[in-house]
Amino acid sequence: MSFSGKVVIVTGASSGIGAAAAVMFCKEGASVALVGRNEKKLMDVSKKCSIVGGKHIIIKADVSNDEDAKRIISETIMKFGQLDVLVNNAGITGFASVLEGTVLETYDKIMKINLWAVYGPPAAPHLVKTKGNIVNVSSIVSSMVADINASAYCCSKAGVNIFTQSTAAELASFGVRVNAISPGPVVTDIYDNAGVTPDVVFDIKTPLGRVSQSEEIADLILYLASDKAKGITGSNIVSDNGCMLHMLK
Ligand code: NDP
């Protein structure tokens, strides 16, 4: 899966799945733009990228900010001259109760980061030039399976799923592929950041008796972004240790 000569943007590259994907793209020879807000964490990932090789830049940006969304693309093009792969990975979760009327407090923030930011960056014209592709990081908790007190998160990821399909349909005739991946629980900081004890999540009994690490989800991102997946567009690949089977039982 060589990405030599390819230019890749990974949003949410400062942590978890995005950090793992950024390092792997660098290892495979890509030039990578690492996007996130936390400069210290971005620097830590940058050090790992330097060790494995490949060129990279840090773009400190908030994907939910209109100007930043444009700057992510323009700085990448200015530095590397092209764009081959956009990984829309940045995301947050948040829990709120419809019964208690607290959903709207989190709705705008979650939708702006998880869904608007996937629409936002003006990447398509650059991807048409390179016949590149987009990988959107969705979730099984979306239009696939609901979760209690997570209606805003579910709506945002359900939006990502149908956006993936409709964009894939629009861009296919230009040779641009658009796919999504839907992980089940992955050991990352996302739960801590939402004020949820990770143990609650990681104690989930999946049919395979395990939860995923970021690297295995990153593997899937690289596969979909690579020429090995040249016939795959509009797909949403699940990697959940059989979690949905369990939930649907
Ligand atoms: P982490 O919390 O480890 O990483 C989230 C990343 O998103 C961070 O790099 C963070 O960077 C970035 N981010 C958040 N908000 C913004 C923003 N406004 N602008 C720029 N970057 C932002 O979580 P994960 O790695 O788990 O999450 C990655 C994706 O995977 C998300 O889309 C999530 O919904 C999805 N996912 C995760 C699952 C899990 O169980 N972990 C399961 C299913 C899907 P910074 O703080 O530097 O801005």
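The values are calculated or read from the model by the stated rules, or taken from the named source; none is laboratory data. Just so you know, these numbers come straight off a predicted model, no measurement behind them. No Cβ is skipped: glycine too gets one built from the backbone with ideal geometry, and neighbour counts run over all protein chains shown. Only protein heavy atoms, including side chains, enter the accessible area calculation; ligands, DNA and RNA are left aside. Shrake-Rupley method; radii C 1.70, N 1.55, O 1.52, S 1.80 Å.
Observations on the model:
- Gain in span if fully extended, SER235 to LYS109, counting 0.36 nm per residue against the direct Cα distance: 42.7 nm
- Rolling a 1.4 Å probe over the heavy atoms of the protein chains gives the chain an accessible area of 47 Å² per residue.
- Centroid-to-centroid separation of the stretch 5-21 and the stretch 159-234 [C-alpha atoms, Å]: 13
- Axial C-alpha extent at least 15 Å, average Kyte-Doolittle at least 0.0 - helices from the chain (DSSP): 16-27, 151-171, 214-225
- Label zone at TYR119 (point 7 Å along Cα-to-Cβ), backbone N below 18 Å, the stretch 131-161: 136-138, 143, 152-161
- Taking only protein heavy atoms and a 1.4 Å probe, the accessible area of the stretch 7-248 is 56% carbon and sulfur.
- Modelled FRET efficiency - R0 22 Å, ASP44 with ASN65, Cβ distances, 0.05 increments: 0.45
- For the listed peptides 96-103, 138-145, a ranking on the average number of other beta carbons within 10 Å per residue, highest first, reads 138-145, 96-103.
- Computed magnitude of the charge dipole of the chain (debye, nearest 20; Cβ of K, R +1, Cβ of D, E -1): 800
- Dipole of the stretch 7-248 computed with +1 at Lys/Arg Cβ and -1 at Asp/Glu Cβ about the Cα centre; of ALA218, PRO183, SER97, farthest Cα towards the positive end is ALA218.
- Computed lengthening from GLU215 to ASP147, 0.36 nm per intervening residue step minus Cα-Cα distance: 22.0 nm
- FRET efficiency, 1/(1 + (r/R0)^6) with R0 41 Å, evaluated for SER97 and LEU208 via beta carbons: 0.85
- Scanning residues 5 or more positions from ALA90 or on other chains, those with amide H under 5 Å from its amide H are THR11, GLY12, with H placed 1.01 Å from N in the peptide plane.
- Test item: Cα-centred dipole of the stretch 1-137, Lys/Arg +1 and Asp/Glu -1 on Cβ, debye: 600
- Cross-link partners for LYS131 among the aspartates and glutamates, with Cα-Cα distance under 15 Å and sequence neighbours closer than 8 places in the same chain left out: ASP84, GLU170, ASP227.
- Computed helical MRE - 222 nm, the chain, DSSP H runs ≥ 4 contributing -39500 (n - 2.57), nearest 500: -12500 deg cm²/dmol
- Cross-link partners of LYS27 among aspartates and glutamates (Cα-Cα below 14 Å; sequence separation of 8 or more within a chain): GLU215, ASP219
- Listed by chain and number, the lysines whose alpha-carbon sits under 28 Å from that of LYS205, ignoring those within fewer than 8 places in the same chain, are LYS157, LYS249.
- Amide H contacts of VAL178 (H built 1.01 Å from N, under 5 Å, at least 5 apart or other chain): ILE134, GLY234
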